[in-house]
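Below is one structure, written out as structure tokens, with a few remarks after it.
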Amino acid sequence: MAATTGSRRPGGGIRGREGIAGWVFTAPMVVVMGLFVFIPVLMALYVSLTNWNGNGSPFAGGQNAQFVGMQNYTSLFTEDSLNRSNFMQSIGNNFWFVLFVVPLQTAVSFLLALIVSNRFLKGKGFFRTAFYFPSVTSSIAISVVFLFLFANSGAVNAVLARLGIDGPSWFSDSRGLFHMALGGLGVDDNPGWARGEFLGRSLWEWFSGPSVAMCVIIVLAVWTTTGTFMLMFLAALQDLPVEVDEAALLDGVSPWQKLRLITLPMIKPTLFLVITLGLIGTWQVFDQIYVMGKGAPAGTTLTPAFLSYKQSFTSLKYGSGAAMAFIVFLLIIALTLLQRWLMSEDRSTRRTRQAAGVVVATQQGQNVGGPA
């Protein structure tokens, strides 16, 4: 019996051939990603379920690589030990680092992108290069420079002394910013209401804020990352249609209203990308910590990434170090999903419509109450 005229073989036709061609072109990268990313991640996940001490193969079993299941994970939350204390302190330190760095680097990079995208700015090439230059400089070299700048007799304290300010010992002061602020207001050190414990640390320790030493690393991170994110925002701003700006200008929209109701919603995908990359980068900070004190003073600059490295390659507890890394991995995924929900299309559209309605109502009221 003859085949029906409209019948086709599955995967046939132009679309089918395009799909095959797509897989052919992407197959090399899929293989590379599988061999050097996906398979090693699975191997590290298995290591996190063992007590491997670095001797022999972690997959051979035996005394050097016993399978312990979820013990490496549960011990970080339930066992009252130095290991849990260090890990929770590193989580607290990194939380304040993320809370300060991500908003600052996003806001500063967006502001720089607005400046260098101004059509009336002269010397755009110079300013774009100057703002981007710290991002392409070695982070180790910049960290060493910051060590000299913020030394006790460094340039920063010398400038502060000229202004009549006694600069702190930047890399020796373990006090948290919020502790210092509360002390200035007369609040006693470690008051009774803050002595309750959570995961082995008192509330006073959890809410201490970043230490003075961590503040230096925050400044360093913001200064070295804003250039890259500035280029992302700049590309998004240059891709905006000119007709939208002209229509906003004809409608009498103020620059602030245009920025809030038109520009930011239109570059929301870029904003989501910048914040996501910022979250990932700040939770994985390592090289600055390694160069600028290795967690000193008093562990106030310790981060989970550095602690995982130290636990694995110094203490030879590879299972515990891998477990720390995967906990941070889960934290990054959770924060990314939360950010995606907060920036979802439905929520942002509803907020934009409400704000736009307020603007229109205000403009109509001004037109009604103004002169004819």
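The values are calculated or read from the model by the stated rules, or taken from the named source; none is laboratory data. Because the structure is predicted, anything quoted here is derived from the model rather than measured. Every residue, glycine among them, receives a Cβ derived from its backbone with ideal geometry; neighbour counts consider all protein chains shown. Please note that ligands, DNA and RNA were not included when accessible areas were found on the heavy atoms of the full protein model with its side chains. Shrake-Rupley method; radii C 1.70, N 1.55, O 1.52, S 1.80 Å.
Tell me whether region 155-170 contains one or more residues that are assigned to a helix (DSSP H, G or I), open to solvent by 80 Å² or more (accessible area, probe 1.4 Å) and not aromatic (Phe, Trp, Tyr).
Taking every residue of region 155-170 in turn, at least one turns out to be assigned to a helix (DSSP H, G or I), open to solvent by 80 Å² or more (accessible area, probe 1.4 Å) and not aromatic (Phe, Trp, Tyr).
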> When you look at GLY227, is it touching a Phe, Trp or Tyr at 6+ places or on another chain (Cβ under 7 Å) and in a helix (DSSP H, G or I), yes or no?
Replying inline: yes
>> Given the options GLY278, GLY295, name the one that is under 29 Å from TRP170 (Cβ atoms), assigned to a loop (DSSP other than H, G, I, E, B) and either open to solvent by less than 30 Å² (accessible area, probe 1.4 Å) or modelled with pLDDT of 95 or more (or both).
In response: GLY295
> What residue, among those in region 257-288 that are free of Cβ contacts under 8 Å to residues at least 40 places away in the same chain and farther than 15 Å from ALA107 by Cβ, is nearest to the chain's Cα centre (by Cα)?
Replying inline: PHE286
>> Which residue is most open to solvent (accessible area, probe 1.4 Å), if the candidates are limited to region 230-275 and must be within 30 Å of VAL98 (Cβ to Cβ) and not in a helix (DSSP H, G or I)?
In response: ASP239
> Quick check, is LEU177 touching a strand residue (DSSP E or B) at 6+ places or on another chain (Cβ under 8 Å), over 28 Å from ALA236 (Cβ atoms) and either touching a residue at least 12 places away in the same chain (Cβ under 8 Å) or surrounded by 11 or more Cβ atoms within 10 Å (Cβ to Cβ) (or both)?
Replying inline: yes
> Residues of region 69-109 being part of a loop (DSSP other than H, G, I, E, B), open to solvent by 40 Å² or more (accessible area, probe 1.4 Å) and touching a Leu at 6+ places or on another chain (Cβ under 8 Å), which ones?
Replying inline: MET70
> Of all the residues that make up region 110-154, how many are assigned to a helix (DSSP H, G or I), of a type outside the set (A, V, I, L, M, F, W, C) and within 16 Å of THR224 (Cα to Cα)?
Replying inline: 7
> Which ones in region 45-68 are part of a helix (DSSP H, G or I) and either in contact with a strand residue (DSSP E or B) (Cβ under 6 Å, 6 or more places away or on another chain) or surrounded by fewer than 17 Cβ atoms within 10 Å (Cβ to Cβ) (or both)?
Replying inline: LEU45, TYR46
